[in-house]
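Okay, so here's the structure we're looking at.
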Amino acid sequence: MANYWIVKSEPSAYSYDDLERDRQTVWDGVRNNLALKHIRAMRKGDHVFVYHSGKEKAVVGEASVVSAPYPDPEAGDDKLVVFDIKARERLPEPVELKTIKADRAFKDLALVRMPRLSVMPASKIQWDRIRKLGGR
């Protein structure tokens, strides 16, 4: 059974457009212990929403986890892990953070409760709700 995740990225650093262009990339740069714990729980085939932070503040596209987590080859520290992610499809309509915050279905979503966390789980219900809000 697949799990559901949200990863955050500043679009000026790496956007969903970049992921679509590259088709697949290593998701790296995560240093927060809780976010790293979430990465360690990821499995190949898990579903991922890409959220643009900064000025945009919106879920913009879907992706898939295409590798098990592994030590960051650039970091030289086995505590720091990365995973490979592949673009699936852009949401027809970005789902803005203000929309998510206004919906009671997301009251316990880390995106609302812990806004600085860069990798977080979502429930199947929350996943389906975001997809619906995004026009899927």
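Expressed as cubic angstrom per residue, what is the convex hull volume of the alpha carbon set of the chain? Spread over its residues, the Cα hull of the chain gives 99 Å³ apiece.
Using a Förster distance of 35 Å, how high is the FRET efficiency between residue 75 and residue 125, based on the Cβ-Cβ distance and rounded to 0.05? Write down the numbers at each step before the final one.
Numbers: r = 35 Å, r/R0 = 1.00.
That gives a FRET efficiency of 0.50.
Could you run the Debye sum over the Cα atoms of the stretch 72-136, one equal point scatterer each and no solvent, and tell me log10 of I(q)/I(0) at q = 0.25, 0.26, 0.28 Å⁻¹, two decimals? Reported log10 I(q)/I(0), two decimals: -1.15, -1.20, -1.29.
I'd like to check one number: the per residue accessible area of the stretch 28-115, probe 1.4 Å, reported in Å² as a whole number. Kindly include the intermediate steps, with their values, before the conclusion.
Working: 4730 Å² over 88 residues.
Accessible surface, normalised per residue, equals 54 Å².
Of the trypsin sites (Lys or Arg not before Pro) found in the stretch 1-57, the ones in coil according to DSSP and having at most 13 other Cβ atoms within 10 Å of their Cβ are 23, 31, 43, 44, 55. Projected label points at residue 34 and residue 136, each 7 Å from Cα along the beta carbon direction, are separated by 2.5 nanometres.
Take the Cα pairs of the stretch 57-109, get the Kirkwood Rh, then feed it into Stokes-Einstein at 4 °C and 1.567 mPa s and tell me D in µm²/s. Walk me through the numbers on the way to the answer.
Details: Rh = 13.7 Å.
Roughly 95 µm²/s, to the nearest whole number.
When all alpha-carbon pairs of the stretch 26-87 are counted, what percent fall beyond 14 Å? Could you put the intermediate results ahead of the total?
Numbers: 1091 of 1891 pairs.
So the pairs more than 14 Å apart make up 58 percent of the total in the stretch 26-87.
Axis angle, to the nearest 10 degrees, between helix 124-133 and the longest C-alpha principal axis of the chain: 60 degrees. Exposure check, 1.4 Å probe, all protein chains in place: residue 80 carries approximately 20 Å² of accessible surface. Sparse packing (at most 10 other Cβ atoms within 10 Å of the Cβ) combined with a DSSP loop state is found for none of the chymotrypsin sites (Phe, Trp or Tyr not before Pro) in the stretch 1-98.
Report the GluC sites (Glu not before Pro) located in the stretch 1-86 that are in a DSSP loop and have at most 11 other Cβ atoms inside 10 Å of their Cβ, or state none. Can you show the working numbers first?
Values: sites: 20, 56, 62, 74; in loops: 56, 74.
Taking the stretch 1-86 and a limit of 11 other Cβ atoms within 10 Å, the loop GluC sites (Glu not before Pro) found are 74.
I need the calculated FRET efficiency for the pair residue 21 and residue 101, taking r as the beta carbon distance and R₀ as 35 Å, to the nearest 0.05. The value I calculate is 0.70.
The values are calculated or read from the model by the stated rules, or taken from the named source; none is laboratory data. Since the model is a prediction, treat every value here as computed from it, not as a measurement. All Cβ positions, even for glycine, are placed from backbone atoms using ideal geometry, and neighbour counts span all protein chains on display. The protein model used for the area step is the full one, side chains on, heavy atoms only, and it has no ligands, DNA or RNA in it. Shrake-Rupley method; radii C 1.70, N 1.55, O 1.52, S 1.80 Å.
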